[in-house]
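To keep things clear, I will list the structure first and then write my remarks on it.
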Amino acid sequence: MNISDQTTPGEAAFNPFSGDSAALVENPFALFELLRSMGAVVPIPFPLPGMDRQAWAITRMEEVVQVLKDHAHFTVDPSSIGVNSLLGRNTAETSDTPTFFTSKTMLSVDEPDHRRLRLLVSKAFTPRYIESLRPRVQEIADELLDRVQDQGQMDLIKDYAYPLPINVISEMLGVPHADRAQIRVWSEALARGLGIGKRDPEVTTHMRAFGEYVTRLVADKRLQPADDLISHLIVIEEEGDRLSETEMISMLTLLIFAGHETTSNLIGTGTLMLLDHPDQLERLKSDLSLVPAAVEELLRYSGPANIAGPRFATEDIELGGQQIKKGDLIIPFLGSANHDESQFTQPDELDIARTISRHLAFGQGIHTCLGAPLARIEGDIAFTTLLKRMPNLRFSVPRESVAWHYALVSRSVASLPVAF
Ligand code: HEM
């Protein structure tokens, strides 16, 4: 791990953006602990060379919450303070097609645009509405396990953790079944390309194809509307000035991507964590009413999003004893805040019955995850159904061969062969 105790602004303490360290991939939490020991606000190298700016890792719960809630001092939209908003991201400059990285979504704008965009879809994600989807989510979980039950083994990622959320969000939006395998390819590229300073031509190509696909999907739905979220957004767009076509296409790309990638990781990584902690797995199997609490603990312990999206300081400000300058890049380390020893007793222990008053796996403030109620229900149903139907769940390969996909934003299990 490339870490020194150098904490002078401008000098490299460590580079969290590199995914080449085996230790970082296997266990980022050891690194987060080291970061916390260096401070609540730690200087890290700016991910782009030649920029006269400082980047900061925010490592503790209190300061992370402060950054995520103080929208006056921290913005998600660098163009609002005169910094190029494309800043080293994967873009498709030669194309007019809106892509996840080039166009504005609710995640990348401040108020009042953020509120306008979020309100247009928020009804479809209220806990009450999402609760009404429970029977269908249950059906999908059962159908997936029916397919493998007689084989006695499966790849938990390919056969269960991935298809469950993509099928749920696709049905909500009205994405055809036949396209879902291709969406996986694009989404994996998108997950790899998230973050600053990560230009990659392959990711750019995939992003353009994803944008073109969503544009075609919208055109098809205009001709043949149905009772789904895409058709609902088309009505709003055609009504007048609440939503532009570009905003609609980037919103849909965001919902398709965010609606499954992270939840797949919750189910995949969560299962791996349970298999790694047989005592906790036994406890859960013997009392499945603990599943909702276990989902919260798995989100805290090893949630899908290690960091929130980057923020930029809108003016000079002191934070955690450090002098932040206007335009500095701020990275809230959610995974570190969720292991903050001043907030949790024995934070590195997995305790599925832990009482958690607050964790940051879904972020905080106005950008708090829109899909949290959906993710919680999917997690609840996924773990309950799996453990009820396959109580002998176990690794079918040596533990050391289970491989991770690493990205600082989200770490996921590539494949998890299990027997039952
Ligand atoms: C376990 C699963 C999930 C996790 C851990 C997760 C995590 C997060 C986090 C940390 C944020 C805030 C990012 C920031 O502040 O920079 C966020 C925002 C968001 N998430 Fe999720 N998410 C999950 C599932 C979902 C699902 C199922 C959807 C459904 C569509 C979704 C849609 C969104 C959207 C639209 C935003 C942007 C909200 C805004 O900017 O107002 N997420 N998510």
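The values are calculated or read from the model by the stated rules, or taken from the named source; none is laboratory data. Predicted, not measured: the structure shown is a model, and the values here were computed from it. No Cβ is skipped: glycine too gets one built from the backbone with ideal geometry, and neighbour counts run over all protein chains shown. The protein model used for the area step is the full one, side chains on, heavy atoms only, and it has no ligands, DNA or RNA in it. Shrake-Rupley method; radii C 1.70, N 1.55, O 1.52, S 1.80 Å.
Of note:
- Cubic angstrom per residue, convex hull over Cα atoms of region 166-252: 101
- Computed over the alpha-carbon pairs of region 367-411, the distance histogram in 10 Å steps reads 20, 27, 42, 11 percent, short to long.
- Accessible surface, the chain, averaged per residue in Å² (probe 1.4 Å): 42
- Straightening the chain between Leu119 and Glu282 buys 54.5 nm, computed as 0.36 nm per residue apart minus the Cα-Cα spacing.
- For region 132-201, the share of accessible area belonging to carbon and sulfur comes to 52 percent (1.4 Å probe, ligands and nucleic acids excluded).
- Note on region 188-323: Kirkwood radius taken over Cα pairs, Stokes-Einstein applied at 25 °C and 0.890 mPa s, translational D equal to 130 µm² s⁻¹.
- With the whole protein complex present, Thr204 retains an accessible surface near 20 Å², based on a 1.4 Å probe.
- Taken over region 108-191, the ratio of Cα radius of gyration to 2.2 N^0.38 Å equals 1.36.
- In this entry, the chain is assigned a mean projected area of 19.8 nm², taken as a quarter of its C-alpha convex hull surface.
- Extents of region 331-400, largest first, come to 39, 28, 25 Å (Cα atoms, principal axes, whole angstrom).
- Taking all protein chains together and rolling a 1.4 Å probe, His367 ends up with roughly 30 Å² accessible.
- Per residue of the chain, the DSSP helices (runs of n ≥ 4 H) give a summed -39500 (n - 2.57) that works out to -14000 deg cm²/dmol at 222 nm.
- Region 247-310: mean projected area of Cα convex hull, nm²: 5.3
- Taking the Cα centre of the chain as origin and assigning +1 to Lys and Arg Cβ atoms and -1 to Asp and Glu Cβ atoms, the resulting dipole is close to 280 debye.
- Value of relative contact order over the chain, rounded to a whole percent, pairs C-alpha under 8 Å and six or more apart: 24
- Flagged links, alpha-carbon separation over 25 Å, of Lys123/Lys388; Lys69/Lys104; Lys158/Lys221; Lys123/Lys285: Lys123/Lys388; Lys158/Lys221; Lys123/Lys285
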